[in-house]
Every structure is written in structure tokens, then in C-alpha cells.
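Working notes for the structure below.
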Amino acid sequence: MIAIALMIAYACFGLGLLFCLWRIAFGPTLSDRILALDTMVINLIALLVLYGIWKGTAVYFEASMLIAMVGFVSTVAYCRFVLRGDIIE
């Protein structure tokens, strides 16, 4: 039963990644593209957690935490660059 739930979750998050890729390619504004990149990071974290559940190891949970931290910092830096034209003041 858990295998079926994992496959459905893989499909849903994979479809979410494709929709975010579509938004990055054809987004009407730059802020839509930034939000799509942030959502792609969240979907990637979810896929890593699902893979960790499937494999039964905690290494992927730690990797997902690292990706979450890097994703947050990169989103903030990219937004600051778009708004101010400079990251470091």
C-alpha cells in the first residue's frame, strides 16, 4: 500500500515540477519566474523526502534540509537583486 502511495506522490510532485518549468519558460513577469523557481525547490525537497521514505534511510532527509537552506538563501538573494540591482549593500 505504501508503494502505491509513493508512486502517486512521485507523479504529483513530478507534474508540479513540469508546471513550474512551464511557468519559468513562459511566465508573464519576472516575479512569477522567481516564485516558480522557489516552488521547484519545494517540489525537489518533497521528492527527496519521498525517495528517503522509499529507501528507508535518513541521508535524504539531511540532504533535503541542506537544499531547503540553499533554496531559501538563493531566493532571497535573487529577489534582492531584482528589486535593488545589488545583493550586498
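Since every read-out is calculated from the coordinates, none of them should be taken as a lab result. All figures in this text were calculated on a predicted structure; none of them were measured in a lab. So basically every Cβ, Gly included, is an ideal-geometry build from the backbone, and we count neighbours across all protein chains shown.
Inside region 48-78, can you point out the residues that are under 17 Å from residue 7 (Cα atoms), out of contact with any Leu (no Cβ under 8 Å at 6 or more places or on another chain) and surrounded by 12 or more Cβ atoms within 10 Å (Cβ to Cβ)?
48, 49, 51, 52, listed by residue number.
Please count how many residues of region 3-32 are β-branched (Val, Ile, Thr), in a helix (DSSP H, G or I) and farther than 14 Å from residue 46 by Cβ.
2
Considering region 79-89 alone, what residues qualify as being aliphatic (A, V, I, L, M), assigned to a helix (DSSP H, G or I) and either surrounded by 10 or more Cβ atoms within 10 Å (Cβ to Cβ) or under 15 Å from the mean Cα position of the chain (by Cα) (or both)?
Passing the criteria: only 82.
When you check residue 30 against the structure, is it surrounded by 14 or more Cβ atoms within 10 Å (Cβ to Cβ), in contact with a helix residue (DSSP H, G or I) (Cβ under 9 Å, 6 or more places away or on another chain) and of a type in the set (A, V, I, L, M, F, W, C), yes or no?
In short, no.
Quick check on my filter: what residues within region 45-61 are in a helix (DSSP H, G or I) and over 12 Å from residue 9 (Cα atoms)?
Matches in region 45-61: 45, 52, 55, 59, 60, 61.
I need every pair where a residue in region 78-89 that is free of Cβ contacts under 8 Å to residues at least 12 places away in the same chain has its Cβ under 8 Å from the Cβ of a residue that is among the acidic types (Asp, Glu) and exposed (fewer than 12 other Cβ atoms within 10 Å of the Cβ), sequence separation at least 6 or different chains.
80/86
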